[in-house]
Amino acid sequence: MDAALLPSWNRAWHGLKAAGDGRAWFAQLLNCYVEPQRHYHTLQHLQECLAHFEQARTAAAHPHEVEMALWFHDAIYEVRGSDNEQRSADWARDVLQSAGVAAEAAERVHALIMATRHTAVPTGQDEQLLIDIDLSILGAEAERFAEYEDQIRREYAFVPGWLFKRKRRAILASFLDRPRLYSTVLFHDALEQRARSNLRQAIAGRRSKADASA
């Protein structure tokens, strides 16, 4: 896994003209993604995101910034925390600025990571691409989507089942209610239809399970 991800790291790091090779930060990030509280926000998710980026990097206005934002977007992940994106974005900006990356580029990486809070419809070419990549799991094949749902449940194992079903159903419905899940033509054409099917089935399943336990 480490060796497979290193070319992506090197491309983003050197593309941003950061000093040195950043290998210590690379190792530290890999350690973050294998923390025990993680089940979905793991190296598997990072690898999937980077694989999608590899296929879509020509759609980015600032590809090195998008790639680096993907590396850091879940660097901090505390399941009970409400500021994971803020802390991840701040850390990325600090690391890049300490390595001599231009302030404007470091700020754009920071803004991209903050967009992964998913509190607003993404705007701008790079933000739309990064969010489409982050949400690509919604359009995964049925088996992978089911695994993803199980992974999310395990991350929130401390939440009572009835409450988790209610909250999770609301989150999934909020995505389904969007006029368009994917902003870019590439991801919309490839994943939109399957994502909506996955979401509808997941919502229906959670509703029926909640009714059965009522």
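The values are calculated or read from the model by the stated rules, or taken from the named source; none is laboratory data. Only a predicted model underlies this, so the values are computations on that prediction, with no experimental measurement involved. Ideal geometry is used to build each Cβ from the backbone, glycine not excepted, and the neighbour counts take in all protein chains shown.
Number of residues in region 157-185 that are under 18 Å from T116 (Cβ atoms), touching a residue at least 12 places away in the same chain (Cβ under 8 Å) and not basic (K, R) equals 6.
Of the residues making up region 158-181, none is under 19 Å from L50 (Cβ atoms) and within 17 Å of the chain's Cα centre (by Cα).
Looking at (1) surrounded by 21 or more Cβ atoms within 10 Å (Cβ to Cβ); (2) assigned to a helix (DSSP H, G or I); (3) touching a residue at least 40 places away in the same chain (Cβ under 8 Å), which is the only condition Q128 fails? Just one mismatch for Q128, condition (1). If only residues of region 175-204 that are among the small types (G, A, S) and at pLDDT 95 or above are counted, the one that is farthest from R57 (Cα to Cα) is A202. Taking the numbered list (1) touching a Leu at 6+ places or on another chain (Cβ under 9 Å); (2) outside any helix (DSSP H, G or I); (3) of a type outside the set (A, V, I, L, M, F, W, C) in turn, Y148 passes all entries but (2).
Number of residues in region 127-150 that are more than 18 Å from D189 (Cβ to Cβ) and more than 14 Å from the chain's Cα centre (by Cα) equals 8. Looking across region 1-39, the residues that are at pLDDT below 95 and either touching a strand residue (DSSP E or B) at 6+ places or on another chain (Cβ under 9 Å) or small (G, A, S) (or both) come down to A3, A4. Evaluating R154 against the criteria (1) free of Cβ contacts under 8 Å to residues at least 60 places away in the same chain; (2) surrounded by fewer than 17 Cβ atoms within 10 Å (Cβ to Cβ); (3) assigned to a helix (DSSP H, G or I) leaves one unmet condition, (1).
How do the pairs read when you match residues in region 7-33 that are under 13 Å from F72 (Cα atoms) with residues anywhere that are acidic (D, E) and not in a loop (DSSP other than H, G, I, E, B), using Cβ under 9 Å and keeping only pairs 6 or more apart or on different chains? Final answer for the pair search is S8/E54; S8/E67; W9/E67; A12/E65; A12/E67; F26/D2; A27/D2; L30/D2.
Surrounded by 14 or more Cβ atoms within 10 Å (Cβ to Cβ), among the aliphatic types (A, V, I, L, M), touching a residue at least 40 places away in the same chain (Cβ under 8 Å) and within 30 Å of P36 (Cβ to Cβ): is that true of A146 in this structure?
Numbers: surrounded by 14 or more Cβ atoms within 10 Å (Cβ to Cβ): yes; among the aliphatic types (A, V, I, L, M): yes; touching a residue at least 40 places away in the same chain (Cβ under 8 Å): no; within 30 Å of P36 (Cβ to Cβ): yes.
Spelling it out, it is not the case that A146 is surrounded by 14 or more Cβ atoms within 10 Å (Cβ to Cβ), among the aliphatic types (A, V, I, L, M), touching a residue at least 40 places away in the same chain (Cβ under 8 Å) and within 30 Å of P36 (Cβ to Cβ).
Count of region 64-90 residues, restricted to those that are more than 18 Å from L43 (Cβ to Cβ) and hydrophobic (A, V, I, L, M, F, W, C), is 2.
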